[in-house]
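Let me begin by presenting the structure, written as C-alpha cells, before commenting on it.
The values are calculated or read from the model by the stated rules, or taken from the named source; none is laboratory data. Small disclaimer: the values here were computed from a predicted structure and weren't measured. Cβ coordinates were reconstructed from backbone atoms using ideal geometry, including for glycine residues, and neighbour counts include every protein chain displayed.
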Amino acid sequence: MKNKSTAISALILILILVLFYIFSPGFRTELSNLLELEGKLEYDLSKNAVVHIIDVGQGDSILLQSEKYNVLIDAGPNSSEEKLVEYLASLGINKLDCLVLTHPHEDHIGGADLVLERFGTDTLLMPDCMSSSRAFENVLDAAEANGIGITVPDRGDKFSLGGLDFTVLAPDSKSYKEINDYSIVLKAQYGDTAFMLTGDAEALSEYEIIDHFGEDFLKCDLLKVGHHGSSSSSSKEFVRAVSPVLAAISCGLDNDYGHPHRETRSLFDDEGIEYYRTDLDGTLVFVSDKREVFVG
C-alpha cells in the first residue's frame with residue numbers, strides 16, 4: 001500500500017510539473033511561434049505585404065515581405081542569431097534584397113554577421129556611426145568577406161521594393177550624444193497603409209522627424225515602438241503624430257531594463273492603441289492588403 005501511495009504522489013508531482021511547463025510564459029511563446037509559422041506562407045505576397053516582428057529576445061529584428069522581395073531591419077542579438085536564421089530559412093528566403101542595421105548596438109546587429117554569411121543582401125544600410133564593439137567589427141568583416149558594400153542613407157532618401165515605398169526619416173545629424181539617436185527610422189508605404197519602423201530612436205530624433213516631415217506625413221497604421229518600449233522614446237507628440245491603429249513592442253521576457261516601461265504602456269492605453277509584445281506574444285505578424293493592416 002505504501003508503494004502504491006508513493007507512486008500516486010509521484011504521478012501527481014509529474015502532472016503538476018507538466019502543467020506548470022505548459023502554462024509558463026516561455027512555453028506559450030514557443031507555442032505561439034509554432035502556430036504563427038503554420039500560417040505565414042498562406043499569404044499571397046503578390047497582393048499583400050507582411051511584417052514579421054521576430055521574437056529575438058531583448059533586441060530587434062523586423063522582416064518585411066512583398067511580392068518576391070525581403071527586407072530585414074536589424075538582426076537581433078548574437079544569442080538569437082541561430083533562431084533568426086532558422087526563421088528566415090523557414091519562410092523560404094534564400095537572399096535578402098535589403099538589410100538595414102539601424103544603429104550599432106549588439107541587440108540590433110549581433111546576428112547580422114551570420115545573416116550576411118547565410119543569405120547575403122543586395123543592399124546594406126547603416127548609419128554614419130562607428131563602434132568599437134566586437135559585434136560591429138563582425139558585421140564589417142562579414143560584409144567585406146561577402147563583397148557587400150555599405151550605404152549610409154540621408155534623411156529624405158527613398159527606395160521601393162515590391163510595392164513597398166520607403167522613406168528615410170532619420171537620423172538628421174552626425175553628432176548625436178546617444179547612439180540610439182543615430183537610428184535609421186523608416187516609413188514604409190504600401191497602398192493606403194503605412195508602417196513606422198523606428199529602431200531605438202529617442203525623443204530627440206522623434207521631435208526632429210516631426211519638425212521636418214510634419215504630422216500629416218507621419219500617419220501610419222502600424223508602429224514598431226522605439227527602443228523596446230522605453231519611456232525615453234515614444235514621446236506623446238510622436239505617438240499622436242503617427243496615430244497608429246496597431247503597435248508592436250520587441251523586448252525580452254523579464255528583461256533587465258523593465259521594457260516596456262509603464263509610462264509607454266499607459267500612453268498607448270490612453271490613446272486607445274492596440275499593442276502587442278514579443279515577450280508575451282512571441283513573434284508578431286501583421287498583414288496589409290493595401291487598404292488596412294490586421295494581425296496575421
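Tabulated data
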item	result
Region 213-269, residues that are in a helix (DSSP H, G or I) and polar (S, T, N, Q)	THR264, SER266
Residues (part of a strand (DSSP E or B) and either small (Gly, Ala, Ser) or within 14 Å of GLY191 (Cβ to Cβ) (or both)) located in region 43-57	ALA49, VAL50, VAL51
Leading residue by the ranking (farthest from the chain's Cα centre (by Cα)) among those in region 270-296 that are among the polar types (S, T, N, Q) and not in a loop (DSSP other than H, G, I, E, B)	SER288
Residue tally, condition in contact with a Ser or Thr (Cβ under 7 Å, 6 or more places away or on another chain) and either surrounded by fewer than 24 Cβ atoms within 10 Å (Cβ to Cβ) or among the charged types (D, E, K, R) (or both), over region 60-94	3
Residue in region 89-110 that is of a type outside the set (A, V, I, L, M), in a helix (DSSP H, G or I), over 23 Å from LYS187 (Cβ atoms) and out of contact with any Pro (no Cβ under 8 Å at 6 or more places or on another chain) present	yes
Scope region 218-255; condition in contact (Cβ under 8 Å) with a residue 60 or more places away in the chain and over 15 Å from THR198 (Cβ atoms); matching residues	GLY252, LEU253, ASN255
Qualifying residue in region 123-138 (condition: in contact with a Phe, Trp or Tyr (Cβ under 9 Å, 6 or more places away or on another chain), without any contact (Cβ under 8 Å) to a residue 40 or more places away in the chain and either assigned by TED's automatic domain parsing to the domain that holds PHE213 or surrounded by 13 or more Cβ atoms within 10 Å (Cβ to Cβ) (or both))	yes
Hits in region 102-122 (condition: surrounded by fewer than 24 Cβ atoms within 10 Å (Cβ to Cβ) and either among the hydroxyl-bearing types (Ser, Thr, Tyr) or under 17 Å from ILE53 (Cα atoms) (or both))	THR121
Conditions (1) of a type outside the set (Ser, Thr, Tyr); (2) part of a strand (DSSP E or B); (3) surrounded by fewer than 19 Cβ atoms within 10 Å (Cβ to Cβ); (4) in contact with a helix residue (DSSP H, G or I) (Cβ under 9 Å, 6 or more places away or on another chain): number failed by LYS187	(3)
Residues of region 114-138 that turn out to be outside any loop (DSSP other than H, G, I, E, B) and within 17 Å of ASP97 (Cα to Cα), as a count	8
Considering residues of region 210-229 that are surrounded by 15 or more Cβ atoms within 10 Å (Cβ to Cβ) and in contact with a Ser or Thr (Cβ under 7 Å, 6 or more places away or on another chain) only, the residue farthest from TYR275 (Cα to Cα)	HIS227
